[in-house]
Amino acid sequence: PKAIWVNSISISDESVNFLQIWIIPSQENVIPRYDQKIFDRQESIDNLQLLVSPDGTNSSLWIYQDAYISRIKIEDIDELDYNRFNEQNGILTFLLEGNAAINGSMIRKRDTVLFSSNEKVKITSLPYGSDILFIEIPVSA
């Protein structure tokens, strides 16, 4: 089965900005791996920055799944149409900071919206910008 699990937990009174994302591999018995990388935040300003992919495209981290994780920090553009890397994938959007409208519905910091493989995704940024994570994952038939 193909699935994703996103978890955000704080066990103290301190403010923590930590997001844990689990994506199940596309095949069984793969060698577990862990990776990390510091991405240049400037590259995500008004530009979709690819962070994770199945093949390491554009210096992204690679995973054992036909999944993609991208980020954009919207400052000077009003709208963005998200174009899938794989048309069969669904999309989970996660608003890291700011406010935005997705397909006309208002979302706020830490809100998520899930889209099936045939839905278009249009982001409208509101004043003061938005920082959005796109998690594109296979959808079970």
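The values are calculated or read from the model by the stated rules, or taken from the named source; none is laboratory data. Since the model is a prediction, treat every value here as computed from it, not as a measurement. Counting neighbours? That spans all protein chains shown, and the Cβs are built from the backbone with ideal geometry, glycine included. Heads up: the accessible areas ignore ligands, DNA and RNA and are worked out on the full protein's heavy atoms, side chains in. Shrake-Rupley method; radii C 1.70, N 1.55, O 1.52, S 1.80 Å.
Does segment 117-125 include one or more residues that are open to solvent by less than 70 Å² (accessible area, probe 1.4 Å), among the small types (Gly, Ala, Ser) and modelled with pLDDT of 90 or more?
no
Going by what's in this entry, would residue 55 be described as modelled with pLDDT of 95 or more and more than 16 Å from the chain's Cα centre (by Cα)?
Details: modelled with pLDDT of 95 or more: yes; more than 16 Å from the chain's Cα centre (by Cα): yes.
For residue 55, the condition - modelled with pLDDT of 95 or more and more than 16 Å from the chain's Cα centre (by Cα) - is met.
Against the condition out of contact with any Cys (no Cβ under 7 Å at 6 or more places or on another chain), modelled with pLDDT of 85 or more and charged (D, E, K, R), how does residue 2 come out, does it pass?
No; evaluated as a whole, the condition is false for this residue.
For segment 126-141, enumerate the residues that are open to solvent by less than 40 Å² (accessible area, probe 1.4 Å) and either out of contact with any strand residue (DSSP E or B) (no Cβ under 8 Å at 6 or more places or on another chain) or at pLDDT below 90 (or both).
Selection gives 129 alone.
Kindly provide the set of residues from segment 22-51 that are open to solvent by less than 60 Å² (accessible area, probe 1.4 Å) and either over 20 Å from residue 70 (Cα atoms) or at pLDDT below 85 (or both), ordered by number.
Passing the criteria: only 30.
Would it be correct to say that residue 96 is surrounded by 13 or more Cβ atoms within 10 Å (Cβ to Cβ), aliphatic (A, V, I, L, M) and under 19 Å from residue 17 (Cα atoms)?
In short, yes.
Considering only residues that are over 17 Å from residue 74 (Cβ atoms) and open to solvent by less than 40 Å² (accessible area, probe 1.4 Å), which ones fall in segment 102-116?
115
Taking into account only those residues within segment 60-81 that are surrounded by 19 or more Cβ atoms within 10 Å (Cβ to Cβ) and without any contact (Cβ under 8 Å) to a residue 60 or more places away in the chain, which is nearest to residue 123 (Cα to Cα)?
80
State which residue is nearest to the chain's Cα centre (by Cα) when the search covers only segment 94-141 and only residues that are aromatic (Phe, Trp, Tyr) and farther than 20 Å from residue 39 by Cβ. Step through it out loud before you land on a result.
First, the residues of segment 94-141 that are aromatic (Phe, Trp, Tyr): 94, 115, 128, 134.
With the extra rule that they be farther than 20 Å from residue 39 by Cβ, the set shrinks to 115, 128.
On the way: 115: 12, 128: 20 Å.
So, considering only residues that are aromatic (Phe, Trp, Tyr) and farther than 20 Å from residue 39 by Cβ, the one nearest to the chain's Cα centre (by Cα) is 115.
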